[in-house]
Amino acid sequence: MLGDLEAIVLRQLWETKGPISVKDFQAIVSERRLVAVTTVATTLDRLYRKGLVSRELVREGGPHYLYKARMTEGEFKYAVVDGVMGALLESFNDVTVAYLDERIGTKRPEDVRVLSKYLNRLRRKGNQ
Amino acid sequence: MMNLALRYFIFLLSVVVGPSGPMMWSVGITVVGLVTALSLRRSFQGRTIVLLGILVMMWADGLLFVLVSSHIYLLGRASIHMAGPSWNPFSILQTVNLGVALIGGIAAACVGLFISFKSSRIGVSKMFPRLDFLEMAPVKIKETVKRLSSLAGVTPPEVWLVDSGVPLAFTVCANRRYSVALSIGLLESLDDREIDACIAHEISHLKNGDFTVRLLATLAKVALFAKPLSYLIEPAIYRAREFLADRTAAGLIGGPDALISALSKLKDSNSLAAASPQGLACVCNLGGGKSLFRLLDKQPDLVTRITTLQEMKRE
């Protein structure tokens, strides 16, 4: 869903919280990783087009954008899981079950316990 | 028979190389012209003229020389030709060649009319349906444009801001006016000196009359649509104009340093695709080429531009 650089930039944007300009943002990012300011600008633009960040145009001090993340990290993860699981549940069938069986059936008994816990919870909901 | 086969072969060869006179003279002139153009490493203006000259010669060759030569040919072989419907591949190819040159010429005229019609009717924002334009450019930018335009001796173009975070700078000819467009992404990631250098590059395109040169090159390519060589010469002219604009810009802002640092920053985020206009439009774009095959690129790559500017600095 996200490119390498996009993920780094988005994660950094969650950390910095408030609206931030490209130049300030690049100064922070380049402490950890050498990225040109034009690359940061392009990456943020791409995230904007994907609807993951919002920006506002400021005219004072030379026209520039102030970027901020549109959702928190939790909301973003929920959106990703929702995208995947939603599609999975939509077409819930033998293939899904076979996949779960193959991936976690024997290799990860821990996951089976977690899954059955969720299943029990769902079952209770269904009985109500 | 042998003689005919040989001439047929030479003819085919010259069609593929570019010019198509039945003798090799035009091929020779083309080769000499190309070598001259390549050896003119310092003078991009000279290179443009030689390359345009080759294109003009290639077309005139298709048209005039075939007429003349077939006339001579027919005089020499009048008896054969008059003898009846004897099939001669040589003269058939010549006729085809003449027809192709004529069709090309008509097509070029149509394309020329279309481009000038379109660029006089269509606005900047219609030309780039994928970009959003903000009309109000900051006063500082407008002043820079005005100052550099008067320095270059051209009418100051309009200035548009592009609502995009991607660094973009280009000049278009729309509504019979020239407009320089700069994106917010460019303004926010370059410093003032570098922004001035980008504007100087765009204004240099106007000063050097690049829209006319480009139009001529494009029309020549259309007229020579059947000659593979023209597909290499046209982009070569475009590239020469970019180098020339860099050089002129460095003269306008007193040294290539600012332009070098602007180009090195832009090198990291290649964003040419975002600014591709709709259809046939006259656009000069500040950005690097990225085609797989560099000879077909209309934009020289930024690394070469930077090294050329550095060479200029040393001189």
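Summary table below
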item: Loop-located GluC sites (Glu not before Pro) in the stretch A:1-110, at most 14 other Cβ atoms within 10 Å (DSSP); result: A:E31, A:E60
item: Dipole magnitude of the stretch A:29-128, debye to nearest 20 (Cβ charges: Lys/Arg +1, Asp/Glu -1, about Cα centre); result: 260
item: Karplus (6.51, -1.76, 1.60) ³J(HN,Hα), θ = phi - 60°, over the stretch B:308-315, in Hz, Gly and Pro reported as x; result: 5, 5, 5, 4, 4, 5, 6, 5
item: At least 20 Å along the helix axis (C-alpha) and Kyte average at least 1.6, DSSP helices within chain A; result: none
item: Over 24 Å (Cα to Cα) - which of A:K17/A:K117; A:K17/A:K50; A:K50/A:K117; A:K23/B:K146; A:K23/A:K77 fall in this group; result: A:K17/A:K117; A:K50/A:K117; A:K23/B:K146; A:K23/A:K77
item: Point-charge dipole on Cβ atoms (K/R +1, D/E -1) for the stretch A:4-69, about Cα centre, debye to 20; result: 120
item: The stretch A:73-127, dipole about Cα centre (Lys/Arg Cβ +1, Asp/Glu Cβ -1), debye to the nearest 20; result: 420
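Here, each number is a calculation from the coordinates, and none is a lab measurement. All figures in this text were calculated on a predicted structure; none of them were measured in a lab. Quick reminder, even Gly has a Cβ in these numbers, built from the backbone with ideal geometry, and neighbours come from all protein chains shown.
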